[in-house]
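Notes follow once the structure below has been shown.
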Amino acid sequence: MRNCLVIDLDRCSGCDSCVVACKLENNIDLGNYWNQVIAVGPTGTHPDIEQYWLPVQCQQCENPACVHVCPTGASYRDEKTGVVLIDKAKCIGCQYCMMACPYGVRTFNQKEKVVEKCTLCSHRTADGESVPACVHNCCCGARLYGDLDDPESDAAKAVAAASPDAVHHLPDPGSAKPATVYLLSPKTAAWKELV
């Protein structure tokens, strides 16, 4: 099972509603983010300019470095859902996982002295019926959630329908195998390797 996000960058407007929804749903402290939207561009020469917005959150890696370096087992990949999670009761705040994450998507909660990150709203999605808050609140319909191994899921259907040259992942500096899929067609912009 590979539950993850599929984000259609052809549709993303950079409005940050996913960022706001995430912060409100998960009661995230000021200054901390589990999801951020990065402007890529503009690039090119007028009048041939292109730009897109890249939402970045936990990539739900299949072989997460954060899990391998955690000395207490606080960071783990849930066997049932495939989602990378943090057990705050086991977290000692060493931040090794933050250093190991190639995407810089973990934050340190100063009040609780633990590391936090996107959980794909596991408290909402555990019932198998709900979607993460960022997906629910995306006003452009750019975010999809589901199991990539289930051809009937919205996420898998979107990837299957996309042209192969429009399917992207953030760069994998090792063997992490990030599961999050980005859809960006060449007609919108050229994919940039940012990380």
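Condition first: in contact with a helix residue (DSSP H, G or I) (Cβ under 8 Å, 6 or more places away or on another chain), over 29 Å from Asp48 (Cβ atoms) and polar (S, T, N, Q). Can you find one or more residues in the stretch 157-175 that meet it? Spell out how you get there, then give the answer.
First pass over the stretch 157-175, keeping only residues in contact with a helix residue (DSSP H, G or I) (Cβ under 8 Å, 6 or more places away or on another chain): 167, 174.
Remaining after also requiring over 29 Å from Asp48 (Cβ atoms): 174.
From what is left, the residues that are polar (S, T, N, Q) are none.
Among the residues of the stretch 157-175, not one is in contact with a helix residue (DSSP H, G or I) (Cβ under 8 Å, 6 or more places away or on another chain), over 29 Å from Asp48 (Cβ atoms) and polar (S, T, N, Q), which makes the answer no.
Collect the residues in the stretch 116-125 that are in contact (Cβ under 8 Å) with a residue 24 or more places away in the chain and either open to solvent by 40 Å² or more (accessible area, probe 1.4 Å) or more than 16 Å from Gln60 (Cβ to Cβ) (or both), keeping them in residue-number order. Spell out how you get there, then give the answer.
Quick first cut of the stretch 116-125, residues in contact (Cβ under 8 Å) with a residue 24 or more places away in the chain only: 116-122, 124-125.
Selection gives Ser122, Arg124.
Condition (residue is farther than 15 Å from Gln59 by Cα, free of Cβ contacts under 8 Å to residues at least 60 places away in the same chain and out of contact with any helix residue (DSSP H, G or I) (no Cβ under 6 Å at 6 or more places or on another chain)) applied to the stretch 135-148: is it met by at least one residue? No, every residue in the stretch 135-148 fails to be farther than 15 Å from Gln59 by Cα, free of Cβ contacts under 8 Å to residues at least 60 places away in the same chain and out of contact with any helix residue (DSSP H, G or I) (no Cβ under 6 Å at 6 or more places or on another chain). Applying the condition of being in contact (Cβ under 8 Å) with a residue 40 or more places away in the chain and not acidic (Asp, Glu) to the stretch 75-87 and asking which residue is surrounded by the fewest Cβ atoms within 10 Å (Cβ to Cβ) yields Lys80. Of all the residues in the stretch 50-65, those that are more than 20 Å from Gly141 (Cα to Cα), open to solvent by 60 Å² or more (accessible area, probe 1.4 Å) and assigned to a strand (DSSP E or B) number 0. Within the span defined as the stretch 172-186, every residue fails to be open to solvent by 20 Å² or more (accessible area, probe 1.4 Å), charged (D, E, K, R) and more than 16 Å from the chain's Cα centre (by Cα). If you filter the stretch 1-49 down to residues that are in contact (Cβ under 8 Å) with a residue 40 or more places away in the chain, outside any loop (DSSP other than H, G, I, E, B) and loosely packed, with under 15 Cβ neighbours inside 10 Å, you find that the one that is farthest from the chain's Cα centre (by Cα) is Thr43.
The values are calculated or read from the model by the stated rules, or taken from the named source; none is laboratory data. Here the structure is a predicted model, which is why all the values come from computation and not from measurement. As a convention, Cβ positions derive from the backbone with ideal geometry for all residues, glycine included, and neighbour counts pool all protein chains shown. For accessibility, only protein heavy atoms count, side chains too; no ligands or nucleic acids. Shrake-Rupley method; radii C 1.70, N 1.55, O 1.52, S 1.80 Å.
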